[in-house]
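Asker: What follows is a single structure, and I will ask about it in a moment.
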Amino acid sequence: MKAAMVHRQTIVPAARLRGIIEVPGDKSISHRAVLLNALAAGTAEISHFLAGADCLSTIACMQALGVSITQHGEHVRVVGHGLRGLHEAGDILDCGNSGTTLRLLAGILTGQIGRFSVLTGDGSLRSRPQRRIVEPLRALGAQIDGRDNGDRAPLAIRGAQLNEAAYTLPIASAQVKSALLLAALSSGVAITLDGRTDGRDHTERMLIAMGVPLTNDGGTIRLEPPGADLQPLSLRVPGDPSSATFWWVAAAIHPDAELTTTGVGLNPSRSGALDTLRMMGADLEIRNQRLEGSEPVADVTVRSSQLRGVVIEGAIIPRLIDELPVLAVAAACAAGDTLIRDAQELRAKETDRITTVTDGLQALGVEVEPTADGMGISGGRRMHGVPLSSHGDHRLAMAWAIAGLVAEGYTSIDDAAAVDVSYPGFWETITRITADN
Ligand code: S3P
């Protein structure tokens, strides 16, 4: 696995950027489409599934739990046998690089009475904090343990009958919120969540569409045990706004650019990057707004823009948390200062993205200072291409590629295959939109 991840890409400044891009399926929705349909009773057909390494880890884990799943490229068929239809896996479950797989699956498995499971992942995932799910799951009655008293994977879970509970979420994490909802669902008990319930809401939308009694009353989420089996939910996965943001930023910072991304999910809990780019003065146009299943989608065109620095803080942070590395590149090209605050969650991602992003930008010649919960960026200086590393972090590899399109000279990126985690085909697309056209 690791050997395949080591390869280097070199980016040269592009003369112009043109193209229409169908970005791959949304990573969060692809995970949930497999996990939730595996708990339903019947067959679901999923199209435009993200066949990236993270979502393939989810498929492999669910197959190991006895669910029949066939995947051909972007098409996936899941045959679920209901909430009690999972088997005990014969071996440890490898979640690879995927925090969503590990945390959502941990929730499901805590409610599978009597079954024993061990969840692990790659070096990055094993270093990420798990107390955020382990503590509240234990409060529900889960039998779960792991390294560092349960804060680090591998996590060992003995499925148990959980108790009905109410929990106040201290951080806006959709993974924590979803782990708790799925634990309650799996164990057949009610749960009430309040506090920071404002993370992405794909789990809630999908559960409602599958017939689960779930309400959100001004931020208080209540899930009741469904009286019947979950209905399978066939869907087309919308394009991932986190992937589209790379092209939006590329077009906005390049002097001769027009890029259109088609069929991008614009769920309000995910559209913070678009709102921020608009605030920065990006020339962007949204067309063809429609609903695909329970998610809003649209086509977005961005053209060369004169960006200005902004303050990114508070409630918008969870709505753009994964886009901050490339928004930091946009800020480096904007006139004036940008301040990113309230984003300490960046330190718990695939890498500590406050450190890795500011180190990389400094190497590119940007005036940037890390802070405890974000960074300050003085924009407007021309970046100079240098050798950079993704540190195995898919979103860093892509952020550096976008910087390389406007930096002077060559920008090379080590460990460039990391993009496969969320965006297989990223390097081919960059070649296509920079080719003479
Ligand atoms: C995700 C939630 C977010 C996000 C991650 C995917 C999800 O993480 O950063 O890429 O699919 O639920 P947190 O829940 O840790 O905020």
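Each reported figure results from applying straightforward, stated rules to the coordinates on display, with no laboratory input. Just so it is clear, the model here is predicted, and its values are computed rather than measured. Glycine also receives a Cβ, built like all others from the backbone with ideal geometry; neighbour counts cover every protein chain displayed.
Asker: Find how many whole Å separate the alpha carbon centroid of the range 38-113 from the alpha carbon centroid of the range 170-192.
Answerer: 17
Asker: Then there's this: Work out from phi, with θ = phi - 60° and the Karplus expression 6.51 cos²θ - 1.76 cosθ + 1.60, the ³J(HN,Hα) of each residue of the range 61-71, listed in order in whole Hz, and give x for Gly and Pro.
Answerer: 5, 5, 5, 5, 8, x, 7, 7, 10, 10, 10
Asker: Would you compute, from DSSP H runs of 4+ residues alone, the mean residue ellipticity of the chain at 222 nm, taking -39500 (n - 2.57) per run and dividing by the full residue count, rounded to the nearest 500?
Answerer: Numbers: 15 runs with 139 residues, N = 437.
Result for the chain, helices only: -9000 deg cm²/dmol.
Asker: Which of PRO213, LEU388, GLY96 sits farthest toward the positive end of the charge dipole of the chain, with +1 on the Cβ of Lys and Arg and -1 on the Cβ of Asp and Glu?
Answerer: Checked the options; the winner is PRO213.
Asker: Among residues other than SER304 whose Cβ falls under 14 Å from its Cβ, what is the net charge (Lys/Arg +1, Asp/Glu -1)?
Answerer: Working: positive: ARG16, ARG18, ARG303; negative: ASP256, GLU258, ASP283, GLU285.
Here the count lands on -1.
Asker: Oh, and also: Over the chain, with a Gaussian network built from C-alpha contacts below 10 Å, which listed residue (ALA165, ALA174, ALA397) shows the highest mean-square fluctuation?
Answerer: Among ALA165, ALA174, ALA397, the largest GNM mean-square fluctuation belongs to ALA165.
Asker: Using only Cα atoms, tell me the angle between helix 174-187 and the longest principal axis of the chain; keep it within 0 to 90° and round to the nearest 10.
Answerer: It works out to around 20 degrees.
Asker: Compute the distance in nm between two label points, each set 7 Å from the Cα along the Cα-to-Cβ direction, one at LEU284 and one at ASP148.
Answerer: 3.4
Asker: I'd like the projected area of the range 1-77, averaged over all directions, using the convex hull of its alpha carbons. Report it in nm² with one decimal. Mind dumping the intermediate values first?
Answerer: Working: hull surface 28.9 nm².
Its Cα hull, projected and averaged over all orientations, spans 7.2 nm².
Asker: Considering only the chain, what is the antiparallel percent among its DSSP beta bridges, to the nearest 5? Spell out each step's value before the answer.
Answerer: Working: 55 of 78 bridges.
Here the share of antiparallel DSSP bridges comes out near 70 percent.
Asker: Moving on to the next point. Which of TRP427, TRP400 has the fewest other C-beta atoms within 10 Å, and how do the rest follow up to the most? The partial results should precede the final answer.
Answerer: Details: TRP427 20, TRP400 31.
By the 10 Å Cβ count, ascending, the order reads TRP427, TRP400.
Asker: I would also like to ask the following. Taking other Cβ within 10 Å of each residue's Cβ, how do ASP283, ASP256 sort, fewest first?
Answerer: On the way: ASP283 17, ASP256 12.
Ordered from fewest to most neighbouring Cβ atoms within 10 Å, ASP283, ASP256 come out as ASP256, ASP283.
Asker: For helix 394-404, what angle does its Cα long axis make with the longest principal axis of the chain, in degrees from 0 to 90 and rounded to 10?
Answerer: 10
Asker: Residue-wise, which Karplus ³J(HN,Hα) couplings in Hz belong to the range 304-314, taking 6.51 cos²θ - 1.76 cosθ + 1.60, θ = phi - 60°, and x for glycine or proline?
Answerer: 3, 9, 9, 7, 10, x, 9, 9, 10, 7, x
Asker: To test your reading of the geometry: what angle, between 0 and 90 degrees and rounded to tens, separates the Cα axis of helix 27-37 from the longest principal axis of the chain?
Answerer: In the chain, helix 27-37 runs at an angle near 20 degrees to the longest axis.
Asker: Give me LEU233, LEU155 sorted ascending by neighbouring Cβ count inside 10 Å, so fewest comes first.
Answerer: Working: LEU233 23, LEU155 29.
Placing the least packed residue first, the sequence is LEU233, LEU155.
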